[in-house]
Amino acid sequence: MADHIEQAGPGPVTQLLHRLHDGEDGAFDRLFPLVYDELRVAARHALGREMSPRPLQPTELVHEAYLKLVGPLDVTWQSRAHFLAVAARAMRQILVDQARQRHAGKRGGGAQHVTLDDGSAVVDADTAELLALDDALSKLEPRLRSVVEFRFFGGLTERETAEVLGVTERTVQRDWARARAWLHKEIYPDTGPA
C-alpha cells in the first residue's frame, strides 16, 4: 500500500468514491485505474506466496473484489484507505467462500501453518487453515478483527489502518499484537504461546 495519507482535503480517489456513491456516470471507470495497483498488492497479500494450488491469480481476485465494491453496496466512502480496507474484507470473503467450496469436496490433510508476521502479512495456508482462521476471526472482537483483515488480508500499513479505524498507530500496533496472539492460541491451542 502507498504510504501517503490524504490529509489536505479529499484526494482524487476519495472524490471519485463520493461521486460513485452519488451514482455519477463514469466514476467507476475513472476510479479503477487509480486503485488497481494497490488492489493487486492487497490481492498478492491475501493469496500468499506459497499457496498451492492457487485458487485465483491476483488479477482475478482484484476483479472479483472490485465488482463487489462497486456493486449494490451502499457505503459512504470516507477515503482511499477506507476503500482499501473494505476491499480487504471483500477479498477475505471471496477467499473464504472459495475455500468452503473446496473444503466441501475434501476434508483436512496437509495443513500448513498460518503466520501473522509484522513485515509480511501473508496467507500461507491451505483450505482447512484458511477456514480455521475465518472461524477464529468471527470470534474476535470487532476492532481487532478489522485490524487483522486490513493488515493481513489487505496489506494496509499501520498508519492506513489507524486512519480507517479512527485510532492512533500505537493502538493499531497493540491491537495487531493482541489479535495475533489470540488467533494463534485459538487456531493452535496445543502449541503454547506464539
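The values are calculated or read from the model by the stated rules, or taken from the named source; none is laboratory data. In this text the structure is predicted, and so the values were computed from the model without any measurement. When we count neighbours, we look across all protein chains shown, and the Cβ atoms used for this are built from the backbone with ideal geometry, even at glycine.
List of remarks:
- Residue 47 being under 18 Å from residue 87 (Cβ atoms), modelled with pLDDT of 85 or more and among the aliphatic types (A, V, I, L, M): no
- For region 160-189, filtered to residues that are touching a Lys or Arg at 6+ places or on another chain (Cβ under 9 Å) and of a type in the set (Gly, Ala, Ser), the residue that is surrounded by the most Cβ atoms within 10 Å (Cβ to Cβ) is 179.
Let's see how each residue does on (1) modelled with pLDDT of 85 or more; (2) in contact with a Leu (Cβ under 6 Å, 6 or more places away or on another chain); (3) on the phi > 0 side of the Ramachandran plot; (4) not in a helix (DSSP H, G or I):
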residue: 61; (1), (2), (3), (4): yes, no, no, no
residue: 76; (1), (2), (3), (4): no, no, no, yes
residue: 93; (1), (2), (3), (4): yes, no, no, no
residue: 96; (1), (2), (3), (4): yes, no, no, no
residue: 104; (1), (2), (3), (4): no, no, no, no
residue: 109; (1), (2), (3), (4): no, no, yes, yes
residue: 113; (1), (2), (3), (4): no, no, no, yes
residue: 117; (1), (2), (3), (4): no, no, no, yes
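- Whether a residue is over 14 Å from the mean Cα position of the chain (by Cα), among the hydrophobic types (A, V, I, L, M, F, W, C), part of a helix (DSSP H, G or I) and modelled with pLDDT of 95 or more was assessed, and residue 136 does not pass this test.
- Of the residues making up region 31-48, those that are more than 11 Å from the chain's Cα centre (by Cα), over 10 Å from residue 156 (Cα atoms) and in a helix (DSSP H, G or I) number 8.
- Index of the failed condition, residue 156 passing every other in (1) at pLDDT 85 or above; (2) part of a helix (DSSP H, G or I): (2)
- Any hit, region 141-159, residues being crowded, with 19+ Cβ neighbours inside 10 Å, farther than 18 Å from residue 42 by Cβ and under 17 Å from the mean Cα position of the chain (by Cα): no
- When region 1-41 is limited to residues that are charged (D, E, K, R) and within 15 Å of residue 77 (Cβ to Cβ), the one that is modelled with the lowest pLDDT turns out to be 6.
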